[in-house]
């Protein structure tokens, strides 16, 4: 099965290997069309990796099914080389038809096909044989063909969530806050979206440094909020609030200034705000829970260090 939410398509994408298109031309059986070179289409397609593609049998039409590599859950990753090497649309259509038929006969569940933007005509041709868009990034698009026509596709959607992280920086009775330049006039905690492959604690300290110029270290997670239909992509959003400690001295023991400096492109102003004022002004639903931690800080409660473990 494809467990929804548990399997990330990024693992498939990172597992892709590319063959040189010129070499793949030998897999094209028809002699009526002259193969063309596409060596400048996409650098991503010219990086050889350890993954090997296997070529299956040739059909009665004289066209071999596209080379494939194994993917999880009885799926396959398709090498688009023979398609990109052929200049004849009729030949490419026959190759796709032969491939899909053979994979269905073999009991495969899903076929992943990644096409560079420079060869977008191949996407339309693949769509005629059951492929649909799954995701696109930079100069490539990945299509998926669910090969079990009698059952609903169990392939999970791509990028169901985004992760936002805020830094709660407390120092001597004050909280570090920012006011965004183009979005809201209210004071809020510094923070932003996590980059791909970035740990939550790293996001919190990075965003705090970028928006305020204040260096900090990650201490613990204070809480998080989960909501849906966020932004124009209508994706779900996880917002994590982290407790950060400001860095007050450098590696030589010299005192570091804690005077915040706003990031001109995004932040209108930043400052240290008294806890009482922050508790009074913090009305945003995503930061209501932070007021409780401010209240604890104002009474001298010490936060216990927690380790954040990534798998």
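The values are calculated or read from the model by the stated rules, or taken from the named source; none is laboratory data. In this text the structure is predicted, and so the values were computed from the model without any measurement. Cβ sites come from the backbone with ideal geometry, for glycine too, and all protein chains shown count toward neighbours.
Among 125, 137, 102, which is the only one that is closer than 25 Å to residue 233 by Cα and out of contact with any strand residue (DSSP E or B) (no Cβ under 7 Å at 6 or more places or on another chain)?
Every option except 137 fails the conditions.
Being surrounded by fewer than 18 Cβ atoms within 10 Å (Cβ to Cβ), in a helix (DSSP H, G or I) and assigned by TED's automatic domain parsing to the domain that holds residue 258: is that true of residue 209 here?
The answer is yes for residue 209.
Of all residues being farther than 13 Å from residue 163 by Cβ and free of Cβ contacts under 8 Å to residues at least 24 places away in the same chain in the stretch 215-232, which is surrounded by the fewest Cβ atoms within 10 Å (Cβ to Cβ)? Just the residue, please.
232
Quick check on the stretch 91-101. Is at least one of its residues surrounded by 15 or more Cβ atoms within 10 Å (Cβ to Cβ), part of a strand (DSSP E or B) and not assigned by TED's automatic domain parsing to the domain that holds residue 238?
Within the stretch 91-101 (the criterion being surrounded by 15 or more Cβ atoms within 10 Å (Cβ to Cβ), part of a strand (DSSP E or B) and not assigned by TED's automatic domain parsing to the domain that holds residue 238), the answer is no, since none of the residues qualifies.
When you go through 141, 166, 124 one by one, which is the residue that is outside any loop (DSSP other than H, G, I, E, B), outside the structural domain of residue 208 (by TED's automatic domain parsing) and either closer than 27 Å to residue 206 by Cβ or free of Cβ contacts under 8 Å to residues at least 12 places away in the same chain (or both)?
124
Here are some residues: 110, 136. Which one is at pLDDT below 95 and within 28 Å of residue 160 (Cβ to Cβ)?
136
Of the residues 267, 256, only one is out of contact with any helix residue (DSSP H, G or I) (no Cβ under 6 Å at 6 or more places or on another chain) and at pLDDT 90 or above; which?
Step by step, each of 267, 256 is checked, and only 256 is out of contact with any helix residue (DSSP H, G or I) (no Cβ under 6 Å at 6 or more places or on another chain) and at pLDDT 90 or above.
In this structure, is residue 115 modelled with pLDDT of 95 or more, closer than 28 Å to residue 197 by Cβ and either surrounded by fewer than 22 Cβ atoms within 10 Å (Cβ to Cβ) or assigned by TED's automatic domain parsing to the domain that holds residue 228 (or both)?
No: the conditions fail for residue 115.
Could you pull out the residue among 265, 255, 259 that is in the same structural domain as residue 176 (by TED's automatic domain parsing), surrounded by fewer than 15 Cβ atoms within 10 Å (Cβ to Cβ) and farther than 26 Å from residue 183 by Cα?
Answer to the check: 255.
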